[in-house]
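Q: Handing you a structure now.
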Amino acid sequence: MSGFDGIGGNVTVDGEKLWSDILETARFGATPKGGIRRLTLTEEDRQVRDWFVRTCEALGCVVTFDSMGNQFARRPGTDPSLPPITMGSHLDTQPTGGKFDGIVGVLGGLAVLRALHESGRETRHPIELINWTNEEGSRFAPAMLSSGVFAGVFTEEEALAKTDRDGVRFEDALVGIGYRGAERCGDHPVAAYFELHIEQGPILEAERKTIGVVTGVQGMRWYEVTVIGRDGHAGATPMALRADALVGTAKLIEAVQSIALKHAPGAVGTVGLLENRPNSRNVVPGEVFFSVDLRDPDDAVIVRMEEAFRSTAAQVASESGLEITIELVWDSPAVRFDPTCIDAVRRAADSFAYPARDIVSGAGHDAVYMAGVTPTTMIFIPCAGGVSHNEEESAEADDVMAGANVLLRAVLDADERLN
Ligand code: GLV
Ligand code: MN
Ligand code: MN
């Protein structure tokens, strides 16, 4: 343990128990391909939340939840006047999600609470573990919705009024699973926030690094696009008389791809959700709804990509007789994390002699919004092939344990340095 300065003593996490927690909770929403489908505020989400409560209470924590359903498991500190040092991530998944995205951060935080509990190690600050509601943004857009409310980026009222694609309101779904709490979201002082996560990209694995010291997160914007044409008979409507919304959409999807490629190497662009109406094999499509996700570490590049996309859309609309509307539904600018917290992670990785490198996150995380209200950073560990948002997402048990050990020491380091 070269470079170890004594913070944390010899306390380490129980890697085997952490791994068995990952496998145990993977039952809630398990898919045949070995992944998880645990959309936010569904029955599967309720099951894993109930498990979280039981398991944290068994470690002596007090578990509460706020008006957005964010769960907090609190281990008291020795100085009751201090706000908690927090750790967290999310237990919701994508429709075809894996066993690690978000889960490693929550269950890794649980491993930290367990290590403190079993060693009897005291901290000055309370230590809290947070399970954020609706990080993924798959069922209710946008992503990181409840950490966003916590940080004051969105109002609670607007968040509660969000609807899924079936028209179900967020508030009704939250009440339905019994997790709308009395504490107003955001009325919860915090001293710092640390989030452990899989990288979701290929860099750490390719460079054989165990730990990514995350310095920030790239910017991202989400758009909702509606293309209106005219329903028509597939056999009787001559090609020249069609206003085919899906053909116009195909051009726009291609544009997203080529605009991102033109802004290489950092930019990415994705159309991930598409609804074609009336979606009948012998009807010329009259309306299409789709999403666009644009990201780059430089916010100015995203602005240029948006301009290019809007101008392509205007051209497609006029050439094809379509009406195209583009609504910006989420703007999450690039974020730089707190230098003191970043140093705590770096020292923690060094103390275990884990190979580490600095890295910028391509994915969004609740840490983005927490960075606006408290000293914040993240810890990354590798995942196989950089594959994520995929049922085959996978990570090594030793890396998961290493990440949780770094989380433990970074939290203890912050406990000594912060007020
Ligand atoms: C969150 O999963 C994201 O889209 O980055
Ligand atoms: Mn995640
Ligand atoms: Mn995700």
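Q: What Kirkwood hydrodynamic radius do you get for the stretch 32-72 when you take the inverse of the mean 1/r over all pairs of distinct Cα atoms, in Å? Don't skip to the end; give the middle numbers.
A: Details: mean 1/r = 0.0874 Å⁻¹.
Kirkwood hydrodynamic radius for the stretch 32-72: 11.4 Å.
Q: Express the accessible area of the stretch 134-242 per residue in Å², computed with a 1.4 Å probe while the remaining protein chains stay in the model. Please list the in-between numbers first.
A: Values: 4490 Å² over 109 residues.
In whole numbers, the stretch 134-242 has 41 Å² accessible per residue.
Q: By how many degrees, between 0 and 90 and to the nearest 10, does the Cα long axis of helix 15-25 differ from the longest principal axis of the chain?
A: Roughly 40 degrees, rounded to the nearest 10.
Q: With all protein chains present, calculate the accessible area of VAL329 using a 1.4 Å probe and round the result to the nearest 10 Å².
A: VAL329 exposes around 50 Å² with every protein chain in place.
Q: Convert 25 °C to kelvin, take the viscosity as 0.890 mPa s, use the Kirkwood radius over C-alpha pairs of the stretch 283-354 as Rh, and evaluate the Stokes-Einstein diffusion coefficient in µm²/s, rounded to a whole number. Intermediate results must be reported in sequence, preceding the final value.
A: On the way: Rh = 16.3 Å.
Diffusion coefficient, whole number: 151 µm²/s.
Q: Treat the stretch 250-300 as a sphere of radius equal to its Kirkwood radius over Cα pairs and apply Stokes-Einstein at 20 °C in a medium of 1.002 mPa s; give the translational diffusion coefficient in µm²/s, rounded to a whole number. Before the final figure, lay out the partial values.
A: Working: Rh = 12.4 Å.
In µm²/s, the coefficient rounds to 173.
Q: Using alpha carbons only, what's the Rg to Rh ratio of the stretch 260-419 with Rh from Kirkwood? Could you put the intermediate results ahead of the total?
A: Details: Rg = 21.3 Å, Rh = 19.4 Å.
With Rh from the inverse mean 1/r over Cα pairs, Rg/Rh is 1.10.
Q: Working out 0.36 nm times the residue gap between ASP79 and LEU273, then minus their Cα-Cα distance, what length gain in nm do you get to one decimal? Let's see the in-between values first.
A: Values: separation 194, 0.36 × 194 = 69.84 nm, distance 4.86 nm.
Roughly 65.0 nm would be gained on extension.
Q: Per 5 Å bin, what is the whole-percent P(r) computed from every C-alpha pair distance within the stretch 151-204?
A: Computed distribution, short to long bins: 4, 13, 17, 17, 14, 17, 11, 6, 1.
Q: May I ask you to derive the FRET efficiency for GLU224 and ARG417 from their Cβ-Cβ distance with R0 = 45 Å, giving the value to the nearest 0.05?
A: Working: r = 43 Å, r/R0 = 0.97.
It comes out at approximately 0.55.
Q: Amide H to amide H, which residues 5 or more places from GLU183 or on other chains are under 5 Å from it, using H placed in the peptide plane?
A: Here the answer is SER67, since their amide H atoms fall under 5 Å of that of GLU183.
Q: In the stretch 99-176, how does Rg compare with the Kirkwood Rh, expressed as the Rg/Rh ratio over alpha carbon atoms?
A: Details: Rg = 16.0 Å, Rh = 14.5 Å.
Rounded to two decimals, Rg/Rh equals 1.10.
Q: Between ARG169 and ALA353, 0.36 nm times their residue separation minus their Cα-Cα distance comes to what? Numbers along the way, then the final one.
A: Values: separation 184, 0.36 × 184 = 66.24 nm, distance 4.80 nm.
Separation in residues times 0.36 nm, less the Cα-Cα distance, equals 61.4 nm.
Q: Top mean-square fluctuation among LYS251, LYS17, LYS99, Gaussian network model of the chain, C-alpha springs under 10 Å?
A: LYS251
Q: Among ALA73, ALA260, ALA308, which one moves the most in a GNM of the chain with springs linking Cα atoms closer than 10 Å?
A: In this elastic network of the chain, the residue with the biggest mean-square fluctuation among ALA73, ALA260, ALA308 is ALA308.
Q: Here's a follow-up. Can you give the percent of C-alpha pairs in the stretch 68-123 whose distance is more than 17 Å?
A: Details: 745 of 1540 pairs.
In whole percent, the share of Cα-Cα pairs in the stretch 68-123 beyond 17 Å is 48.
Q: What is the mean projected area of the alpha carbon convex hull for the stretch 168-297, to one decimal in square nanometres?
A: 13.7 nm²
Q: Over 20 Å intervals from 0, what percent of Cα-Cα pairs in the chain sits in each interval?
A: Going from the shortest bin to the longest, the percentages are 26, 54, 17, 2.
Q: If you stretched the chain out fully between THR340 and THR64, how much longer would it get, using 0.36 nm times the residue separation minus the C-alpha to C-alpha distance? Mind showing how you got there, number by number?
A: Working: separation 276, 0.36 × 276 = 99.36 nm, distance 2.85 nm.
Gain in length upon complete extension: 96.5 nm.
Q: Also, quick follow-up: Express as a percent, rounded to the nearest 5, the fraction of DSSP beta bridges in the chain (both residues included) that run antiparallel.
A: Values: 46 of 68 bridges.
In the chain, DSSP labels about 70 percent of beta bridges as antiparallel.
Q: Take the solvent-accessible surface of the protein heavy atoms, probe 1.4 Å, and return the percent of it on the stretch 96-137 that carbon and sulfur atoms account for.
A: Numbers: 330 of 810 Å².
The nonpolar share, carbon plus sulfur, comes to 41 percent.
Q: Continuing with the same structure: Can you list the HN-Hα couplings for the stretch 145-157, worked out from phi with the Karplus curve (6.51, -1.76, 1.60; θ = phi - 60°), rounded to whole Hz and with x for Gly and Pro?
A: Those phi angles translate into 5, 8, 5, x, 5, 4, 8, x, 7, 10, 7, 4, 4 Hz.
Q: For the stretch 1-158, what does the equivalent ellipsoid look like in terms of its semi-axes, each the square root of 5 times an eigenvalue of the Cα gyration tensor, given largest first in whole Å? Walk me through the numbers before you get to the answer.
A: On the way: eigenvalues 146, 81, 37 Å².
Over the Cα atoms of the stretch 1-158, the semi-axes work out to 27, 20, 14 Å.
Q: Along the three principal axes, how long is the stretch 363-419 when you take its alpha carbons, biggest first, rounded to the nearest angstrom?
A: Largest first, the stretch 363-419 extends 42, 25, 12 Å along its Cα principal axes.
Q: Over the chain, what is the relative contact order in whole percent, taking alpha-carbon pairs under 8 Å and six or more residues apart?
A: Details: 990 pairs, mean separation 102.6, N = 419.
Result for the chain is 24 percent.
Q: If you project the alpha carbons of the stretch 318-391 onto the principal axes, what extent comes out on each, in Å, largest first?
A: Taking max minus min along each principal axis of the Cα atoms, the stretch 318-391 gives 63, 33, 20 Å.
Q: Right, another one. Using the basic label-point model (7 angstrom from Cα toward the beta carbon), what is the ARG184 to ASP298 distance in nanometres?
A: The modelled label-to-label distance comes out at 4.2 nm.
The values are calculated or read from the model by the stated rules, or taken from the named source; none is laboratory data. This structure is a prediction, so every number in the text was calculated from the model and none was measured. Positions of Cβ are backbone-derived with ideal geometry, glycine not excepted, and every protein chain shown enters the neighbour counts. Please note that ligands, DNA and RNA were not included when accessible areas were found on the heavy atoms of the full protein model with its side chains. Shrake-Rupley method; radii C 1.70, N 1.55, O 1.52, S 1.80 Å.
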